[in-house]
Structures are given as C-alpha cells and as structure tokens.
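Worksheet: one structure, shown below.
The values are calculated or read from the model by the stated rules, or taken from the named source; none is laboratory data. Being a predicted model, the structure only gives us computed values, none of them experimental. Reconstructed Cβ throughout: ideal geometry from the backbone, glycine too, with neighbour counts over all protein chains shown. Just so you know, the surface numbers come from the protein's heavy atoms only, side chains and all, with ligands and any DNA or RNA stripped out. Shrake-Rupley method; radii C 1.70, N 1.55, O 1.52, S 1.80 Å.
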Amino acid sequence: MSPRAYRRIPRSARTFAVLAIVAAVLAAGAGPAAAADPPTMAAHVLLQGHARLGSWIAIQVHLHNDGPSVSAELRLQGGTQGGTSYATPVQLDSPSDKDWILYAQPPSFGQQLEVVLASGTTVIARQKVAVSIHDASQLVVGVVADHTAPIVGTLNLPAVQNQANAIVVPLAVADLPTRIEAWSALDRLVWQDVDASTLSSEQVTALRGWLALGGRLVIVGGTAGIGALGAFPDDILPYRPTATIDVAPKSLESLIGAAPKDSADVPAMAGELVRGRALASSAGRVVAAETTYGSGSVTILGVDPTVGWVAAASTARSLWPTLIPPRSDGAIPMGDDTQIASAVANLPALSLPPLSGLLLLLFGYILLIGPLNYLILRRLDRREWAWVTMPVLIVAFAVGSYAFGSALRGSSIIVNEVAIVRGAPDASEGTAQVYLGVFSPTKGTYQLAVRGGALLSSPISGDIFTGRASSLDVIQGDPSRVRNLDVGFQSLRTIRAESEVTVPKIHVDLALVDGNLTGTIRNDATITLERPAVVLGSTVKTVQDLAPGQEAQISIPVSPSRLGDSLANRIFGQLYFDGFTPVSESARRDQTRHTIIDQLTADPQLVNAGQLSTDGPVVLAWGRQPMLDVTVEGQGTKRESNVLYYVPATMAVRGKVTFAGGLLHQSIVQTDGAFFGGKGMVGLSFGRGSVTIAYRPVSFAGRLTVSHVRFAFGFDSEGGAIDGGLAVQPLPADCLALKAGKPVPADCPDPKASDAFDGIPDLEVFDRTGTGTWHRLPHLAQGTYDLADPARYVDPATGTVLARYVNDTQDQVSFAVAASIEGTIQ
C-alpha cells in the first residue's frame, strides 16, 4: 500500500486494524499456553493405608501430563522421623500417563502425609494421603476375595492385649505392594475366589518374603473352584487341590468343635498332603492342612466358611481363631531400636581414650612445664626465658594432645554396619534390616549412595548422639542416596536401611526325638559362619565356627522356658564393658553381637523375654561381610560389619514329647477380659467374665497319643517344668446345681466359700468326645494339676486343648498359669 493510499484510510479504521492484529497475535500466543495444563496427580497408600510405626508404607502416585515434558521429583516430608524427607525423581514426557511408587515411614502423630510434585523450588501439584496407624500388638488381617463382605462379616477374632480388636481390611490385588518391606503392616491374609494369576511376579516374590518373615496366608474354599489357586507356587502349599468332594461335618470337628445338629455335608477342595500337617481329612484325602514356610505358614481350608452352618456364629467363633492366631510369632520387634542403634556406635574411634594414656600425657605435661623446664633453664642460667618456653610448651602440648586423639580415632571415614538378615534353609534369598553408622574424623557434609535400592530412613528411636531424629534427605531409586549428610567433628550419624539381599545357604535337618533336639546344620555358603547356635525356646546349642562345607551335629535336651535368663547371656555369657578399660577387637565384637541379640528378644511387656518370638527352631550365625554396597562420594572409607544371619527352620517331632514353654503356643479364642502375657507362663488379669485360650503344640506330622495334660497355677512369672501334679476330674453336672440355687449332693467337692477369694478363677476344659461339652473342674488353688482321662480334651491331629478361665466374682483375678501336653507321636 502506498503512503498516499494509507493516508486515505480513516484514522479510526487504522486504529481498529492495529488492535485486531495485536489481539490476533496475543490469541495465537495464548492458545498453546492455555492448552499446556500442568501435570495432574492422584495418590493413595497401598494396603488401604494401614501401617505400623517403624514399618514402611508404599504410596502409589498416578501422574498424567499432556503439556511439555517435565523433570521433577515426588517428595514427601514427615514420617516417624519428622525431619526426614523422601523423594524419587520422575520424568514426565508429553504425553505421559504413569504410576510411581514412593516409600515412606508412617507418621508418629496425625493420620496424613502430603505428597508433593515439585521441580526445584516450584510446586507443581500436591495431595494429602490418609494413613491408619495401629498398635504393635494389634492384629491386622487382609481379605482378598471376589466378595469380601461375607468373610469380613464372619471373621470374628478376639481382642488381644489392652482389648485391641483385630483390624479386618478388604483388599484388592492392586492393594498388595510389590516390595516385601511394605507388607510389614499386614499380619494375616485371607484369600478366596480370586484368581492367583492376577498377582504380578513382583507381588508373588513379596508374598514369599512376607511368609518367610512370619506372615500367614489362609486360603479358603468358595465358588471359584480349584482353578483359582493354580498360580500359587507349589512349594508354599500344603497340598494342591485336585477335586471337590462332599465332606461330613464329623470330619471338620478338629477345626470347629461339635457341629450343629442336623448339619449337612459340605463341598470342599481336596487333595493329597505334600508337606506340613493335615487339619481335616475325608475319604482318605486332605480337605484342610497347614505347612510352614520360613517363620510363616500357609493354610488351606477346603470348605467355604461363609455359607451354611459353617458360617454360623457359634462355628465361626471356633474356626477363625484356630486358622488365624494372634500376632507376634516370628516377628522381629523393632518398635524401639535403641539397642541396635547403640550397637552401631560401639567403635574404637568413639570410645573414651585409655586412662593410662591420659594419665601419662597429663603427668608428662606437668613434669615438662614445671620441674624439667625450671631445671633446664636454671642449668643454662636463662630462667627469664620461661616467659617464652612456657607458651611454647603449652602449644606443643596442645598439638601433641590433638595428635594423640587423632591417632586414636583415625583419619578415615568409617562406615560401621550392624545387620539382622532373615533367610530360610537352603535358600540364598533374604531380607536385611541394616543400621549404618557413618563416622567422620572432621566436620563435613557428604553424599552417600547405597546400591541395590535399599529403603533408607533415620533410626526409629532417634540419633544415638543427639537423642532425636536428625533430618535426612533421602532420594529413592537404585542407588538410593542421602543428600548432604551432615556429620559433626569426630561424630557419628546413623542411617536405617532395609533391603532384599543374598544370604549364605545353610542346610538344617532337625528333629525333636523323645525330648532331645537332634540333627545337623551344614554351611553350604562360601564364607565362614561364626559362632553358630540353634535356638528352640529357651534351649540353646552353640557350635564351633563352620567353614564352607563343614557341618555340625546337634544333640541337646529341650529345656523348659526360663524368663529372666537372657538369650544373649546363654550364647555369649555375661559381658562387662565400662567404656574405659581397653578391650580387644574380639571382645568388642562380642559386645556388639550381645546387644543385637538383646534387641531380638526385647519385649515391651517383659523388658527382656529371654527367648525369640518364633514358632520353632532358629539357626543364628554371624558374619563380617558387609551386606550393602555403601559409598561416600569423593571419600575413601573404612568398612566394619557385624551381621547376624537369622534362619528359621522346620523340625520333625517323634517319640515321647512334652509340649510346654516354647513348644506350646497359645491363642485367645474368646475373651471379655484384658489379656496380658506370652508363651510359657501366661499372666491373666480380668474382672468378671472369662478368657478362652487354645493351647496348640508346634507343628508335627503324625498322630499324638496323649498321656498327660497339666495346668500349673501361681502368682509369679517364672516358668519351669510342669511335673506330676494332683489328678483332677470335672465336676458332675449335679455338683453345679449351686449355680442354679439348688442343693448340692453330699459327695460333691466342697465349694469355694463366697468370701474366700484367692485371685484364681475357675477352670473349664472342652471335652471333644460326643457332641462336645465344656466341663468345669473343682476350684483349683496354687499348684499343679493333672487332668484325668486327658485324651478326651486333646485333638489327636493338632494336639490342641481348649481351656476357659471363668471369674464369677466382682473382684479382678490376676494370676499366672502354665500348661503342658505330654504324649507320644507316631
């Protein structure tokens, strides 16, 4: 357009055209920006948010991005250690739709954690996720079923310590984590009518590890049939169901007690027993069985517990507590890790200097700056030089003292590793709980890397030096990292790590024969196993170090439970370590190992239980090879390591046997009173009401012919052998007429006077003959009692005895009782 033509266009039209062009340009630029929405985030905690303090939770985060590519981090602040932050790097291309897993410790206080997607200091998205924290003794049961409501509705479990009710959580397969560390909040898992092939390979691996660490899987029958179990590994199942058959109620009495009258046959998944023990059989085939796997177990109940008379309230009260015992067996207590964290600090570099060296240095300084300095200057006739020599000597002494301290503590960064490694016989896969102590001779900030993707956090009980949880900036991945780890001058920082690891192969062949634990352990690894020990309850057998390929014979009588005598003392003897007296390297190593065993046997109720929390024998052995590959960027490090290998083992039981103490487990079937106590001698305390306990021996194959069932009553917590005892029979029905206000026959035992309260309740036992009946015994005082005709009260397949303690008074009873079952297994 020519200038002349342009001038002919009206000014208003020219202005409008310019504005239109500017608007078009702005619109063109704003269009893509409006379309570039930021990434969106949706997060939730697996296992439906259920967790325990000290355990790991898995947070699944779904990220969607339609805009430009984003490099960012998923971050989480908080957890058990409030100053610890967890992060994992994410790369969101355009477009992208991805799931990420962030692992964290649940919070000590509150029920929420906030997940943040951030790039540098810019927050892109944030969301709070809910977490439910449970008590350490509280039972958490997951239910994976096609329809969870019927099982949740019938799964009636008694309360445990402090009247904490069991938590039953409906779960989908997608709620199950892919790493074993995030399964720790789950104690039991019930599976019904869900195809096992929907589990990913990572979930199956995590399931195996969870079982080996003490988890219990209960598979029950339903409508899906035997095909739904096809993808479960054969080596974890007691039997592989091959057919569905009709089972008479009589065949299930070992599990449910007496069936209701006119009960019909029920369908059940049946097969041939491969391992473990049968719980119920019909027509020569097993319809319910249980097998151990590491410290855990797998149970198959072939019938559907949610339909018909099997689902009745009275039946469910007997069935579910039998299938799902209370929590504790097989678990390593880590709610308070003070002792193992203190073991990390047991380094020569952190010890007080030897008193002899300090005294020599002090007296040398006094002699040098006093008499020697004076005598030398006097001999030189230069006493006035003291104004110069004394400051020089003071500086020299200060430099010498610093050199002396540096020589004692060294000049290298030390990474001290203390680990508890869980494994299984003849297996090289395991998990490790590792505490890493990073010692620095100078104040510094370091970048720490751990190859293998270990989950890192602060110790549960806080830093051993500061007494609190110091902050850590943890980046998850492989390798996992701690950014900018601050370590003070000649100080130590402790980091807690959990990871899957490779463990030495140990072959174990043990049997309990006529009251003696016998067998062999063999080292099939390439390293030497130091100070191996076989532990069964209070029974401990230590052997010499085992070089690769060597084996040791085990033969030791099984001892009764003894509270107050620590397991560490029985393995290492009593050790005295005052921190002042110089000790040898071997003595210091024994002290560290002693502390690790004390951590294993710690009990919040008993201070030190004196025995491991496990269902059967355990092999303990020691090594010095680091379990984790730890590097400090730009720094050379010196490594020290103390590793405990913890291998639960199976045990055959034959001949005469007395199930008591660590060989007899107990679970509460029903209670309306508070329960306190553990294995062996059990403390009971409750008001008006009753507590029903199932006493069940360790797993055995064969049939038990019982000869004695004994109960010993007292008022202290000292366990021991239960021998002899006064024979006692149930009261005839006529002798209980007093309860109905009727006269009592003259030949009945004298009833306890109403004002003669002795703190011990009445005892009832369940008679398994006929239709099943509870029988009350005469009132028992302090002492030991032997049931007459004991076979009436013992299930020959499992050895289980049901006992009910009844308090009919308004006063609270508080007492101790130990039980034993004696017989022969063939």
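Tabulated data
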{"quantity": "Residue 50 long-range amide H proximity, modeled H, under 5 Å", "calculated": "132"}
{"quantity": "Rg/Rg_globular for region 118-220, with Rg_globular taken as 2.2 N^0.38 Å and Rg from C-alpha atoms", "calculated": "1.27"}
{"quantity": "Per-residue ³J(HN,Hα) for region 638-643, Karplus 6.51 cos²θ - 1.76 cosθ + 1.60, θ = phi - 60°, Hz, x for Gly and Pro", "calculated": "9, 9, 10, 8, 10, 10"}
{"quantity": "FRET E, pair residue 137, residue 727, Förster distance 56 Å, beta-carbon r, rounded to 0.05", "calculated": "0.95"}
{"quantity": "Share of carbon and sulfur in the accessible heavy-atom surface of region 491-540 [1.4 Å probe, %]", "calculated": "41 percent"}
{"quantity": "Protein accessible area in region 38-134, 1.4 Å probe - carbon and sulfur %", "calculated": "53 percent"}
{"quantity": "Relative packing of peptides 298-308, 791-801 - highest average C-beta neighbours within 10 Å first", "calculated": "298-308, 791-801"}
{"quantity": "Karplus (6.51, -1.76, 1.60) ³J(HN,Hα), θ = phi - 60°, over region 172-187, in Hz, Gly and Pro reported as x", "calculated": "9, 4, 5, 7, 8, x, 9, 10, 4, 4, 8, 8, 5, 6, 9, 9"}
{"quantity": "Pairs beyond 32 Å (Cα-Cα), from 541/656; 128/443; 541/638", "calculated": "128/443; 541/638"}
{"quantity": "Karplus (6.51, -1.76, 1.60) ³J(HN,Hα), θ = phi - 60°, over region 436-448, in Hz, Gly and Pro reported as x", "calculated": "9, x, 9, 9, 10, x, 10, 5, x, 10, 10, 10, 9"}
{"quantity": "Exposure rank, largest accessible area first [656, 541; 1.4 Å]", "calculated": "656, 541"}
{"quantity": "Most to least packed among 813-819, 97-103, 139-145 [average Cβ atoms within 10 Å]", "calculated": "139-145, 813-819, 97-103"}
{"quantity": "Heavy-atom surface of region 772-822, accessible at 1.4 Å and reported per residue (Å²)", "calculated": "34 Å²"}
{"quantity": "Amide H partners (placed H, <5 Å) of residue 638, local residues excluded", "calculated": "413, 414, 415"}
{"quantity": "Long-range HN-HN contacts of residue 214 with modeled amide H, under 5 Å", "calculated": "295, 296"}
{"quantity": "Listed peptides 229-236, 647-654 by packing density, highest first (mean Cβ within 10 Å)", "calculated": "647-654, 229-236"}
